[in-house]
1. I'd like to verify a number: residues in segment 53-79 that are touching a strand residue (DSSP E or B) at 6+ places or on another chain (Cβ under 6 Å) and loosely packed, with under 13 Cβ neighbours inside 10 Å, how many?
2. Which ranges mark the strands (runs of 3 or more DSSP E) fully within segment 39-134 that have 1 or more residues being at pLDDT 95 or above, under 22 Å from Leu11 (Cβ atoms) and among the basic types (Lys, Arg)?
3. Looking at Pro10, Pro14, which is the one that is open to solvent by less than 70 Å² (accessible area, probe 1.4 Å), farther than 15 Å from Val115 by Cα and outside any strand (DSSP E or B)?
4. Do we have Ser21 as closer than 29 Å to Thr134 by Cα, within 19 Å of the chain's Cα centre (by Cα), in a loop (DSSP other than H, G, I, E, B) and without any contact (Cβ under 8 Å) to a residue 12 or more places away in the chain here?
5. Considering only residues that are polar (S, T, N, Q) and more than 16 Å from Pro81 (Cα to Cα), look in segment 94-134 and name the one that is surrounded by the fewest Cβ atoms within 10 Å (Cβ to Cβ).
Amino acid sequence: MPRLEPSPTPLSEPFWDATRSQQLIVQRCDECNATVWYPRERCTSCLGDRLRWVESTGRGEVYTFNIMHKAANPMLADMAPFVLALVDLDDGYRIATNIVGCEPAEVRCGMRVDVTWDEELSDGRRLPLFRPAT
């Protein structure tokens, strides 16, 4: 069964378009320089509306994670066990993602990770997943 694919909105479309070229982008506020994730119309720090898209380093560390031995969604059943994680990016934001490229039991809080673009969606977009840093 295929993975359920995210539906871009007008607000998130630049993010998803950038994944086609394997770029991880995030919003930055021109008024207070805060990083804003997930895509929004206003800055979460100052409520300013001058947000622009900037490239993220794609490097960070695992904040927390859970090993999913049984997927709640039948579409993910063949992927189990898999790691669902929150990753703190060096750019100052936290993203929900999967950790790939290692055994689930090897994942640790604080582990350094890099973005990887191994999973292509049906329309050429890619999911930003993370693997142990090299």
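The values are calculated or read from the model by the stated rules, or taken from the named source; none is laboratory data. Predicted, not measured: the structure shown is a model, and the values here were computed from it. Backbone-built Cβ (ideal geometry, glycine too); neighbour counts: all protein chains shown. Each accessible area value is taken on the protein alone, full model and side chains, heavy atoms only, with ligands, DNA and RNA left out. Shrake-Rupley method; radii C 1.70, N 1.55, O 1.52, S 1.80 Å.
1. 4
2. Details: elements: 51-55, 59-68, 82-89, 93-99, 112-120, 126-132.
Strands (runs of 3 or more DSSP E) meeting the threshold: 51-55, 93-99, 126-132.
3. Details: Pro10 fails: open to solvent by less than 70 Å² (accessible area, probe 1.4 Å).
After applying the criteria, what remains is Pro14.
4. Working: closer than 29 Å to Thr134 by Cα: yes; within 19 Å of the chain's Cα centre (by Cα): yes; in a loop (DSSP other than H, G, I, E, B): yes; without any contact (Cβ under 8 Å) to a residue 12 or more places away in the chain: yes.
The answer is yes for Ser21.
5. Here is the first cut: in segment 94-134, the ones polar (S, T, N, Q) are 97-98, 116, 122, 134.
Checking the rest, the ones that are also more than 16 Å from Pro81 (Cα to Cα) come to 116, 122, 134.
Values: Thr116: 20, Ser122: 8, Thr134: 6.
Top of the filtered list is Thr134.
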